[in-house]
Amino acid sequence: MPAILVVIPSLNQGKYLAENLDRLFARPHPDIAVALMDAGSSDGTLDVIRRYKDRFAHWRSGPDAGQSAAINEGVRAVGAGRYVCWVNADDVVFPERLEDLARFLDGHEECGAVHGHGEIIDGAGSVIGRHYSRPFSPRVFASYNTICQPASLVRRSAWEQVSGVDEALHFGMDY
């Protein structure tokens, strides 16, 4: 059973999705499973999905109830993984970094989630800045996003304890 489940919600992000999947699937990562949840794209997304269809633990393309619902649906559909995360189709994820986060959680049972630093890229994939993570503080988090969502990993037991992502949220999923 893969240790890490990566859910990718997508809608008309085909031009970015290929780079994300190229990086995820560049070499075998038996500890990582990927669920692609496409909301019925009308761009080239389906061509990208077909290219990788045998590599997904699960995928679907069709209308859904929004990004949050799609993320939860992907987690339920695969049902595997000690750890869960999601990255948007236009994010770039480094499998090695996910594995680093999983190793940290393996050694720290008291932690429900972990997050690291991230790079901010433009539409061409050039690094234009960094997102520096800070230790979590509710007071600081109320004013400043201290968590780089694409560089985070949640223990599945913690995910299930809060019933996944709040499906009433349709915006701000990076926050």
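The values are calculated or read from the model by the stated rules, or taken from the named source; none is laboratory data. As the structure is a computational prediction, the values presented were derived from the model and not from experiment. For neighbour counting, all protein chains shown are included, and Cβ atoms are generated from backbone atoms with ideal geometry for every residue, glycine included. Remember, those area values only see protein heavy atoms, side chains included, never the ligands or the DNA or RNA. Shrake-Rupley method; radii C 1.70, N 1.55, O 1.52, S 1.80 Å.
Starting from the coordinates of the alpha-carbon atoms of the stretch 61-175, obtain the Kirkwood hydrodynamic radius over all distinct pairs and give the value in Å to one decimal. If you can, show how the numbers build up before the last one.
Numbers: mean 1/r = 0.0653 Å⁻¹.
After inverting the pairwise mean of 1/r, the radius is 15.3 Å.
What part of the accessible area of the chain, given as a whole %, is carbon or sulfur when the probe is 1.4 angstrom?
Working: 4970 of 9230 Å².
Result for the chain: 54 percent of the exposed heavy-atom area is carbon or sulfur.
In µm²/s, what is D for the stretch 1-69 at 25 °C and 0.890 mPa s, where D = kT/(6 pi eta Rh) by Stokes-Einstein and Rh is the Kirkwood radius from Cα pairs? Display every interim value, and only then the final one.
On the way: Rh = 12.2 Å.
Answer from the Stokes-Einstein relation: 201 µm²/s.
Just add up the charged neighbours of N12: K/R +1, D/E -1, any other residue whose Cβ is under 14 Å from the Cβ of N12. Walk me through the numbers on the way to the answer.
Values: positive: K15; negative: D38, D43, D47, D64, D90.
Charge balance near N12 sits at -4.
Mind checking the angle between helix 67-78 and the chain's longest principal axis? C-alpha axes, 0 to 90 degrees, to the nearest 10. For 67-78 against the chain, the angle is about 80 degrees. Just to confirm my numbers, what's the Cα centroid distance between the stretch 4-22 and the stretch 69-140 in Å? Value for the Cα centre distance between the two parts: 14 Å. Accessible area per residue for the chain, computed on protein heavy atoms with a 1.4 Å probe, is 53 Å².
With respect to the chain, whose longest principal axis is taken over its alpha-carbon atoms, helix 95-106 is tilted by about 40°.
Relative to its residue count, the stretch 63-124 spans a Cα convex hull of 120 Å³ per residue.
Taking 0.36 nm per residue of separation and subtracting the Cα-Cα distance, what length does fully extending D166 through V127 add? Display every interim value, and only then the final one.
Working: separation 39, 0.36 × 39 = 14.04 nm, distance 3.08 nm.
Full-extension gain reported as 11.0 nm.
Give the angle, between 0 and 90 degrees and rounded to the nearest 10, that separates the Cα long axis of helix 14-24 from the longest principal axis of the Cα atoms of the chain. Long axis of 14-24 versus the principal axis of the chain: about 60 degrees.
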